[in-house]
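Below is one structure, written out as structure tokens; comments come after it.
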Ligand SMILES: [Zn+2]
């Protein structure tokens, strides 16, 4: 498990609520958050917003099918399809048994 960098948080650009602080995920982030994906460990969605279950499973399926190498690529494609969506990408470096880093991708519904 990575240690978080002090003060590094993912903030919603719409309402400025904290979405994640890399140590624990906010279980009930603001309504703008559609998907949160982290590439830590094996890579998984850590939050799927209301009504996004189908989109999330389609993304997972398209990665299994080889359409995308990573779920983050599927999310970037989704962001391009829907101009109101914003993708926030935050990388953190930490130390556990050695240097480790992980990237968090948050898909946000803009206004
Ligand atoms: Zn928000």
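Let's test the formula: R0 of 30 Å, r as the Cβ-Cβ distance of residue 67 and residue 16. What FRET efficiency results, to the nearest 0.05?
Here the calculated transfer efficiency is 0.30.
Restricting things to Cα coordinates, could you compute the convex hull volume per residue of region 10-109 in Å³?
So the per-residue Cα hull volume is 98 Å³.
Based on the mean of other Cβ atoms within 10 Å per residue, sort peptides 79-89, 43-53 so the most packed one is first. Don't jump to the answer; show the numbers that get you there.
Working: 79-89: 13.3, 43-53: 14.8.
So the order, starting with the most tightly packed, is 43-53, 79-89.
Any read-out appearing in this document is the output of simple, stated calculations on the displayed coordinates, not a laboratory observation. Note that the structure is predicted; figures quoted are calculated from it, not measured. Cβ sites come from the backbone with ideal geometry, for glycine too, and all protein chains shown count toward neighbours.
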